[in-house]
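Below: one structure, written as structure tokens.
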Amino acid sequence: MIRCFIEKNCRNWDRDLPFLSMAMHSMVNRQTGFTPNQMMLGRETIQPVHLLLGMPQYGQNRMTPNVWVKHLVGRMQKIHEFARHSLHTSQLRQKRDYDLRVVEHKYQPGDLVYKADSTTKVGQSRKLKSPWCGPFLVVSSRPPLYTIRGRKGDSVVHHDKLKLCNDRDIPTWIKRLRHALFQAESEMDESWDDLDDTIPYGVDFNVQGMFDANQPTFDSVVLPQSLGDPSYIHTPLTQELEQGPQCDIVTALDDNSIHEPPNLDLGNFKFG
């Protein structure tokens with residue numbers, strides 16, 4: 001409540017403290033069901049409205065001090081007993097609500113979020129400052145971590161430190177940044193579509209089981225269009241093969257050799 005009535009520099013937090021204290025002591029607590037005045041004094045205090053409209057008139061029968069104290073003690077005991085029962089019920093309700101809301105918050109690139117701000121400046125109280133800072137723009141996601149971008153750069157934040165921003169008034173620099181992000185994603189999608197169009201149909205990229213465990217393997221794959229062209233002879237890049245004995249592989253391919261692998265004599269060939 002104090003945070004709602006202080007200025008930006010947090011210098012006038014004690015100016016309205018008596019009025020805020022009176023308002024807080026007169027508010028019914030949701031956990032106990034009573035006001036702090038009833039819990040501590042057994043009655044409500046005199047409010048400014050009572051000074052304007054007058055105090056309520058009670059009966060002419062006045063109690064003696066002893067009877068009044070006894071009546072006050074009994075009333076406070078009933079209040080405290082009911083408050084303890086309300087606190088127990090409130091604890092069960094809070095546990096149930098917490099268990100229902102334990103979910104991972106997910107955000108998409110382009111969403112605006114607030115980040116939990118735990119930093120404090122010298123001379124300012126953490127309780128009086130806003131617990132959130134921002135807004136920030138989500139540029140990439142790898143749940144439960146998200147990369148957000150602000151004026152000072154990018155940062156990686158856990159999802160439990162973020163909160164979705166639903167403000168209508170968005171800063172201009174965030175609008176420009178979001179537009180650039182969406183435009184980059186659109187261009188990337190178009191480039192992937194163009195790449196899919198260039199891949200020939202029928203090409204199988206599943207290389208599992210291509211090679212036998214008892215046969216040597218090379219560090220390259222010869223494309224079908226290179227078969228029959230002597231200029232496509234591949235030289236391994238490993239240092240051991242470069243330093244090994246040179247050998248000439250001459251393969252005569254005809255129309256039927258594509259279906260039958262050539263018989264190569266690799267007895268003197270050195271593998272790393």
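Bear in mind these aren't lab numbers, they're just calculated from the coordinates by the rules spelled out. Worth saying up front: this structure is predicted, and the values here are computed from it rather than measured. Please note: Cβ atoms are built from the backbone with ideal geometry, for glycine as well, and neighbour counts cover all protein chains shown.
What the table below lists for this structure:
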item: Listed residue pairs exceeding 26 Å between alpha carbons, taken from K8/K163; K8/K161; K121/K175; K127/K175; K8/K106; result: K121/K175; K127/K175; K8/K106
item: Packing-based exposure ordering (other Cβ within 10 Å, fewest first) of D99, D169; result: D169, D99
item: Paramagnetic label zone (point 7 Å from Cα along Cα-to-C-beta, R43; backbone N under 13 Å) in the range 74-99; result: 75-76
item: For T120, net neighbour charge (Lys/Arg +1, Asp/Glu -1) across residues whose Cβ lies under 13 Å away; result: +3
item: Cβ-based exposure ranking for H159, H85, in which fewest neighbours within 10 Å come first; result: H85, H159
item: Whole-Å distance, taken between Cα centres, linking the range 79-123 and the range 1-49; result: 22
